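What follows is a single structure, written as structure tokens, with notes after it.
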């Protein structure tokens with residue numbers, strides 16, 4: 001399993017060396033947290049739903065993990081463009097190990113970014129209902145990261161160049177985020193929207209984070225963990241399948 005460890009370590013080193021990337025990936029979620037959390041807070045509270053900042057914080061943590069995970073997977077395009085992917089694929093190791101190493105490395109980076117975003121949320125005024133629930137939240141964050149890193153790897157394996165990247169952002173990543181319930185409660189939705197949110201894997205990740213961090217879950221934390229576990233296995237299988245078909 002040395003190839004898995006080497007690629008996992010490579011992703012971590014690339015992350016720690018890029019402080020601009022670390023700060024940049026927190027910019028948009030922090031903007032959502034401040035602008036919406038404080039801007040819509042009074043309206044949310046008047047509706048009898050409590051603090052919108054408390055409600056929104058798990059959503060922006062999930063948003064951070066989603067974006068970093070997808071970008072990590074689609075990073076295959078950069079490796080292909082600069083020749084690193086070819087050097088990796090000709091190595092005498094099974095491709096499944098290469099794929100798993102990249103995915104776990106990207107997932108670890110995404111979880112670290114999510115943890116940094118959690119700290120930013122706490123600085124902004126967010127308070128978890130119990131410190132004992134934080135390990136469960138970290139587990140859910142890791143599952144979210146694995147799901148979307150594997151999905152990103154599958155997408156990156158199918159794309160040939162960066163021209164398709166904007167399509168991925170506009171027609172996949174943004175709908176996944178906005179339909180996940182990160183910005184609105186999942187209860188009492190119109191039937192079509194309720195169906196879409198149930199089909200969105202991120203819905204279960206953010207719902208699980210809310211269950212762990214603020215003790216408020218729509219589906220139930222156990223159901224969230226089960227769905228995320230199944231989706232992680234499915235997307236890892238898909239990612240491995242498409243990665244194995246990359247032509248050098």
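Quick note: the coordinates plus some simple rules give every number you see, no bench work behind them. All values reported here derive from a predicted model rather than from experimental measurement. Cβ placement follows ideal geometry from the backbone for every residue including glycine, while neighbour counts extend to all protein chains displayed.
Shape call for segment 167-233 from the C-alpha gyration tensor, a ≥ b ≥ c root eigenvalues: rounded (a/c under 1.5), prolate (a/b greater than b/c) or oblate?
Oblate.
Rounded, prolate or oblate, given the Cα gyration tensor of segment 127-213, with a/c below 1.5 counting as rounded?
Judged from the Cα gyration tensor, segment 127-213 comes out oblate (a/c at least 1.5, b/c at or above a/b).
Ranked from highest to lowest mean number of other Cβ atoms within 10 Å per residue, what is the order of the peptides 189-197, 98-106?
Details: 189-197: 12.3, 98-106: 25.9.
Sorting 189-197, 98-106 by mean packing, highest first, produces 98-106, 189-197.
If you find the alpha carbon centre of segment 136-200 and of segment 73-111, how far apart are they in angstrom?
Cα centroid of segment 136-200 versus Cα centroid of segment 73-111: 21 Å apart.
Sticking with the crude label model, points 7 Å out along Cα→Cβ, report the distance from residue 13 to residue 222 in nm, one decimal please.
4.5 nm
Using only alpha carbon pairs under 8 Å that are at least six residues apart, calculate the relative contact order of the chain and give it in whole percent. Working shown, then result.
On the way: 341 pairs, mean separation 65.3, N = 248.
Answer for the chain is 26 percent.
With no solvent and one point on each alpha carbon, what is the Debye value of log10 I(q)/I(0) for the chain at q = 0.11 Å⁻¹?
-0.57
Ranked highest first by average number of other Cβ atoms within 10 Å, how do 240-246, 129-135, 74-80, 110-116 line up?
Highest mean packing first, the order is 110-116, 74-80, 240-246, 129-135.
Sort 122, 155, 140 so the one with the fewest other Cβ atoms within 10 Å of its own Cβ comes first.
122, 155, 140
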